[in-house]
Structure formats: C-alpha cells, structure tokens
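A short reminder: the numbers here are calculations on the coordinates, not readings from a lab. Note that the structure is predicted; figures quoted are calculated from it, not measured. Cβ placement follows ideal geometry from the backbone for every residue including glycine, while neighbour counts extend to all protein chains displayed.
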Amino acid sequence: MTASAPVILVAEDEVLIRMAVADSLRDAGFAVTEAASAAEALKAVRAGLKPDVLVTDVAMPGTMDGLALATLLQRENPALSVIVTSAHIEGANAELRADFVPKPYDPRAVVQSVTRALQR
C-alpha cells in the first residue's frame, strides 16, 4: 500500500464478511478502514477519515442503517462513491448514487465495483 492509495471505508456488521472484504481490498492495494456499524463509520469520518469509497451493508445494528449512512456522507461529500451490499434492498433513496452488490457475493466482486467506481 502506498501513501496515495485510495481510502475505502467498509461498514459491515458481520465480522467474517467485513474481514474478507477488507482483506481483498487491501490485497488490491487500497487503504481500508473497517466499521461494525453505521455509527462507528460516522465516528471515523467525524474524526478525520476521508474515504474515497464507502462500502456498506444495508441492515446494521443501531439507529442508522447503511443507506442512511451513505446518504448522509454523500450529502457532505458529493464525490464519495458508494457500494451498497445486501441480501435484499428495500427503501432505496432516490438521491443516493450507489452501485449495488447483492449478497452472498465473492469479495472480489466488491473489489471490482470499487475499482470501477474510482475510475469514474
């Protein structure tokens, strides 16, 4: 990983899925920060993390789901790319600009989505 590696924030409450995706992204050369909830992801951003891409599950514990997190962060940073993952997607927000990767997935599918998002 280089100092200029794109920063990916992975918000996923399922620890094994989060670890697999984060490891695949790191293997692809990205700088990765992991969060087990939307609140934890938001805390990282409020502490100064500037992600280039948010990879988020929809259903997560707490008062904020992944779609709300993505919408909030994209409002604050319109250049933020978002990859949403879920076994099913409900309540999609029309203002959210995101790619969707259905679960179950191979972590390489997320790496490919992140790579495409950064090329736009």
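So which trypsin sites (Lys or Arg not before Pro) in region 1-80 pass both tests, a DSSP loop state and at most 14 other Cβ atoms within 10 Å of the Cβ? Write down the numbers at each step before the final one.
Numbers: sites: 18, 26, 43, 46, 75; in loops: none.
Hits after loop and neighbour filter: nothing returned.
Please give the calculated 222 nm ellipticity per residue for the chain, where each DSSP H segment of at least 4 residues contributes -39500 (n - 2.57) and the sum is spread over every residue; nearest 500 deg cm²/dmol? Could the numbers behind the result be given before it?
Values: 4 runs with 46 residues, N = 120.
About -12000 deg cm²/dmol.
Give the longest segment of the chain that steers clear of GluC sites (Glu not before Pro) in DSSP loops with at most 10 neighbouring Cβ atoms within 10 Å, not counting the sites themselves.
The segment 1-89 is the longest one with no such site.
Length gain on complete extension for the stretch residue 77 to residue 4, per 0.36 nm per residue less the alpha carbon to alpha carbon distance?
Details: separation 73, 0.36 × 73 = 26.28 nm, distance 1.90 nm.
Residue separation times 0.36 nm, minus the Cα-Cα distance, leaves 24.4 nm.
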